[in-house]
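Colleague: Structure below; questions to follow.
Please treat every number below as a calculation from the coordinates, not as lab data. Values in this document were obtained by computation on a predicted structure and should not be read as measured data. No Cβ is skipped: glycine too gets one built from the backbone with ideal geometry, and neighbour counts run over all protein chains shown.
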Amino acid sequence: ERLIASGRVTVNGVTIRHQGLCIDPSAQQIAVDGRLLSPQSKVYLVLHKPRNVVCTARDPQARRTFQALLPEALRERVYSVGRLDRDSEGLLLVTNDGDLAHALMHPRHNIAKTYLVWTKRRLSAREEQLLRAGIRSRGEHLELDLLERQQDAYRVGLHTGRNRQIRRMFAAVGVGITRLQRVAVGPLQLGTLRAGDWRYLAARELKALWDAVGHQQAVSAHQKSAKPKCAQREALASRR
């Protein structure tokens, strides 16, 4: 608001002094202090996060972050949708689309996350029963949506996503986890993507994610068309 009120924002060379003016970044030139702004393309990637990589953009302990695994040519500022702890691996959705990220993480949409869990030993029938009933840990009631025994691992599903939830639940019944891999977020699958590799989402995958949160969006695999925005929001975004 202060940028606009002080006359520092222009649209097509004309100084804007009142709030709420709607503009189309794809058709109009917006500048702050004479610096031309350009609408940022929406980017959607799937990254197979390996172990010993953290999901923060910068780490005070100088540990390797997921950003180091992204393509060097990527100019957009992106972030992960949700997190995996340092010891876990698997599917990480990376984007700069805040609307999609917020929708996927909002509890009302109940987006399921699916994991493969390898353990130090098999769960007993009683331990499986306890996990399916839910575990009380640190004042929280933790539940699983899915617990299936597979050949050498367990397939686990949940939608709540508490901090280290699966590890805490298995530890509560006395079973240690040796490996934990996220293989799906809603309809999005990790597939055969190797650890440390990334790929762009296909258009059908992006549509499936929007469908999962109940929205209809016209998008391509790599970007979403810019929509008219208010000059106030555009100016503020340039200063973040």
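Colleague: Given charges of +1 on the Cβ of Lys and Arg and -1 on the Cβ of Asp and Glu, with all other atoms neutral, how large is the dipole of region 100-221 about its Cα centre, in debye to the nearest 20? The partial results should precede the final answer.
Modeller: Working: 21 positive and 10 negative charges, 89 e Å.
With only Lys, Arg, Asp and Glu charged at Cβ, the dipole is about 420 debye.
Colleague: I'd like the trypsin sites (Lys or Arg not before Pro) in region 113-174 restricted to DSSP loop residues with at most 16 other Cβ atoms within 10 Å, sorted by number. Don't skip to the answer; put the middle values down first.
Modeller: Working: sites: 113, 120, 121, 122, 126, 132, 136, 138, 149, 155, 162, 164, 167, 168; in loops: 120, 121, 122, 138, 162, 164.
Those satisfying the criteria are 120, 121, 122, 138, 162, 164.
Colleague: Right, here's the next one. May I ask you to list the residues of region 74-104 whose amide nitrogen lies under 20 Å from a point 7 Å from Cα along the Cα→beta-carbon direction of residue 40?
Modeller: Correct set: 74-83, 92-104.
Colleague: In nm, to one decimal, how far is the residue 202 label point from the residue 133 one, both placed 7 Å along Cα→Cβ?
Modeller: That separation, rounded to one decimal, is 4.4 nm.
Colleague: Starting from the eigenvalues of the Cα gyration tensor, five times each then square-rooted, give me the equivalent ellipsoid semi-axes of region 112-185, largest first, whole Å.
Modeller: Numbers: eigenvalues 53, 46, 24 Å².
Gyration-tensor ellipsoid for region 112-185: 16, 15, 11 Å.
Colleague: Rounded to the nearest 0.05, what FRET efficiency is calculated for residue 193 and residue 77 with R0 set to 22 Å and r the Cβ-Cβ distance?
Modeller: Working: r = 23 Å, r/R0 = 1.04.
Computed FRET efficiency for residue 193 and residue 77 comes out at 0.45.
Colleague: Could you work out the Rg to Rh ratio of region 95-150, with Rh taken as the Kirkwood radius (inverse of the mean 1/r over all Cα pairs)? Kindly include the intermediate steps, with their values, before the conclusion.
Modeller: Working: Rg = 15.2 Å, Rh = 14.0 Å.
Radius of gyration relative to Kirkwood radius: 1.08.
Colleague: Once the cut-off is 27 Å, how many percent of the Cα-Cα pairs in region 1-127 end up in the long-distance tail?
Modeller: On the way: 3702 of 8001 pairs.
Counting pairs separated by more than 27 Å, the tail of P(r) holds 46 percent.
Colleague: Between residue 51 and residue 99, how many nm apart are label points set 7 Å from Cα along the C-beta direction?
Modeller: 4.0
Colleague: A follow-up question, please. Considering only C-alpha atoms, what is the centroid distance from region 179-212 to region 70-144, in Å?
Modeller: Result: 13 Å between the Cα centres.
Colleague: Provide the gained length on full extension for the span residue 106 to residue 70, in nm with one decimal, where the gain is 0.36 nm per separating residue minus the Cα-Cα distance.
Modeller: Numbers: separation 36, 0.36 × 36 = 12.96 nm, distance 2.56 nm.
Length difference between fully extended and current span is 10.4 nm.
Colleague: Here's a follow-up. For residue 33 paired with residue 211, estimate the spin-label separation in nm (one decimal), with each label point 7 Å from Cα along the Cα-to-Cβ line.
Modeller: If labels sit at residue 33 and residue 211, their model points lie 4.7 nm apart.
Colleague: A further question on this structure: Starting from the Kirkwood Rh over alpha-carbon pairs, what translational D in µm² s⁻¹ does the chain have by Stokes-Einstein at 25 °C and 0.890 mPa s? If you can, show how the numbers build up before the last one.
Modeller: Numbers: Rh = 20.3 Å.
Reported coefficient: 121 µm²/s.
Colleague: Moving on to the next point. Going by amide H atoms built from the backbone, whose H comes under 5 Å of the H on residue 23, apart from near neighbours?
Modeller: 229, 230, 231
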